[in-house]
Every structure is written in structure tokens, then in C-alpha cells.
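These notes are about the structure you will find just below.
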Amino acid sequence: QVQLVESGGGLVQAGGSLRLSCTASASIFRIHAMGWYRQAPGKQRELVARIATGGSTNYGDSVKGRFTISRDNAKSTVYLQMNTLKPEDTAVYYCNAVTSISYTNYWGQGTQVTVSS
């Protein structure tokens, strides 16, 4: 069982920045990948960014060049630095972890990000 604790959401004006954090209860080396997904009202959950244990990253097309995912292995924590935020970035952001070997998915409780125009 892996528990994920998120922090860092909030309200920001367009063009501003926020940083999300997600800490896993398990060693990050038991985890194949961690990342962030988001879901806006009436829309499907979509990938924002993910980072594998080996360091490779993937980003959703709409956030490339604006968001950066990083990790601190010692703290089993991943960060999402969000710059140049747009109103369309408004959503609930969910942390995700996929364990090694079994590839089981775990989700955080979600944190609201609201970008005002």
C-alpha cells in the first residue's frame, strides 16, 4: 500500500506560478513512476507530467515548456513546477504512483488549482 500526500494547490492569476508537491509513504525506489494528472469539470482525467525512477519524463502537450516535474529520492517526493499558468489549467490535480513489479496504481486525494483571468 502506498499513500500519497499532496500539497501546494491554490488560487493564482494567469501568468503566475505554483508548485505542487507529492510525498509517497513508500521508498521511491519501490515505485516505477510518479506523476500528476488533472481533471477539469466535465472533462476526462489527463496526464500532466510523470517521471520514472530512471529519470525519464513525459508531459502532456498542453503543458510542455511551462511545467517541470522533478523528484527528491531521499524524500520520496515529486514536485510539479507550474509557470505561466493559464485559466485552462484550472483543475483538480491528482498525484499518481505506479509501483514496481506489480505496476499497481495509487492516487492522492487531489488538490485544487484555480487560475483566474
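In the chain, the sites counted are trypsin sites (Lys or Arg not before Pro) in DSSP loop states with at most 16 other Cβ atoms within 10 Å, and the longest stretch holding none of them, exclusive of the sites, is 67-117. Give me the percent of the accessible area of the chain that comes from carbon and sulfur atoms, probe 1.4 Å, all protein chains in place. After summing per-atom areas, the C and S share lands at 48 percent.
Pick from Leu20, Leu85, Leu11: which residue has the top mean-square fluctuation in a GNM of the chain where Cα pairs under 10 Å get a spring? Answer for the Gaussian network model of the chain: Leu11. Charge tally around Glu6: other residues with Cβ under 13 Å, Lys/Arg +1 each, Asp/Glu -1 each, net +2.
Cross-link partners for Lys64 among the lysines, with Cα-Cα distance under 25 Å and sequence neighbours closer than 8 places in the same chain left out: Lys43, Lys86.
What does the accessible area per residue of the stretch 26-81 come to in Å², with a 1.4 Å probe and no ligands, DNA or RNA counted?
On the way: 2940 Å² over 56 residues.
Counting only protein heavy atoms, the per-residue value for the stretch 26-81 is 52 Å².
The values are calculated or read from the model by the stated rules, or taken from the named source; none is laboratory data. All of these numbers come straight from a predicted model, not from anything done at the bench. As a convention, Cβ positions derive from the backbone with ideal geometry for all residues, glycine included, and neighbour counts pool all protein chains shown. Protein only, heavy atoms only, side chains kept; ligands, DNA and RNA dropped before computing areas. Shrake-Rupley method; radii C 1.70, N 1.55, O 1.52, S 1.80 Å.
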